[in-house]
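Since the structure comes first, as structure tokens, the remarks are kept for the end.
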Amino acid sequence: QVQLVESGGGLVQPGGSLRLSCVASGFTFSSYPMSWYRQAPGKNRELVGIIGRSGVVNHVNSVKGRFTISRDNAKNTVYLQMNSLTPEDTAVYYCYAVVSGAPYWGQGTQVTVSS
């Protein structure tokens with residue numbers, strides 16, 4: 001079955017960096033776009049960005065220039081490199097894919113930006 005497993009979250013100081021990973025299994029990873037979402041306390045889940053099968057990426061305006069999504073199809077892994085983090089980036093970050101018409105979420109990884 002489809003599984004998405006995130007890792008790499010943690011506590012980081014403002015201005016710091018983190019790289020999140022999402023390992024996928026149960027489907028042909030290279031054939032599907034992958035997305036990252038985040039949900040801050042008390043807020044709705046929001047899209048961070050999407051990477052297409054060919055590696056073309058779209059990031060939302062709030063993270064452009066700071067966050068970068070990439071993928072390694074040989075490792076069935078999608079990454080989210082986050083730089084210049086601010087307290088407003090504090091959230092649970094989720095990996096997301098739609099496989100054969102069905103939505104799948106990872107369990108999420110907590111990112112806390114605080115001094």
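Of the strands (runs of 3 or more DSSP E) entirely within region 1-41, those holding at least 3 residues that are within 16 Å of the chain's Cα centre (by Cα) and either within 19 Å of Ser100 (Cα to Cα) or touching a residue at least 24 places away in the same chain (Cβ under 8 Å) (or both) occupy 3-7, 18-25, 34-39.
Per-residue answers, yes or no, for (1) out of contact with any Asp or Glu (no Cβ under 8 Å at 6 or more places or on another chain); (2) crowded, with 17+ Cβ neighbours inside 10 Å; (3) not β-branched (Val, Ile, Thr):
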position	(1), (2), (3)
Gly65	yes, no, yes
Asp72	yes, no, yes
Leu80	yes, yes, yes
Ser84	yes, no, yes
Thr112	yes, no, no
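Listed by position, the strands (runs of 3 or more DSSP E) contained in region 66-115 that have at least 1 residues being hydroxyl-bearing (Ser, Thr, Tyr) and without any contact (Cβ under 8 Å) to a residue 60 or more places away in the chain are 67-72, 77-82.
For region 99-107, check the following and say yes or no: at least one residue is open to solvent by 30 Å² or more (accessible area, probe 1.4 Å), farther than 23 Å from Gln1 by Cβ and either at pLDDT below 95 or of a type outside the set (Gly, Ala, Ser) (or both). No; the residues of region 99-107 include none that is open to solvent by 30 Å² or more (accessible area, probe 1.4 Å), farther than 23 Å from Gln1 by Cβ and either at pLDDT below 95 or of a type outside the set (Gly, Ala, Ser) (or both).
Candidates Arg45, Arg53, Arg19: the one that is open to solvent by 60 Å² or more (accessible area, probe 1.4 Å) and modelled with pLDDT under 95 is Arg53.
Annotation: Ala74 fulfils all but one of (1) in contact with a strand residue (DSSP E or B) (Cβ under 8 Å, 6 or more places away or on another chain); (2) more than 22 Å from Asn44 (Cα to Cα); the unmet one is (1).
Scanning region 86-98 for residues that are of a type outside the set (A, V, I, L, M, F, W, C) and either crowded, with 17+ Cβ neighbours inside 10 Å or touching a helix residue (DSSP H, G or I) at 6+ places or on another chain (Cβ under 7 Å) (or both) yields Asp89, Thr90, Tyr93, Tyr94, Tyr96.
The values are calculated or read from the model by the stated rules, or taken from the named source; none is laboratory data. This is a predicted model, so every value here is computed, not measured. Glycine gets a Cβ as well: all are built from the backbone with ideal geometry, and neighbour counts include every protein chain shown. Note: accessible area is taken over every heavy atom of the protein model, side chains too, but ligands, DNA and RNA are not part of it. Shrake-Rupley method; radii C 1.70, N 1.55, O 1.52, S 1.80 Å.
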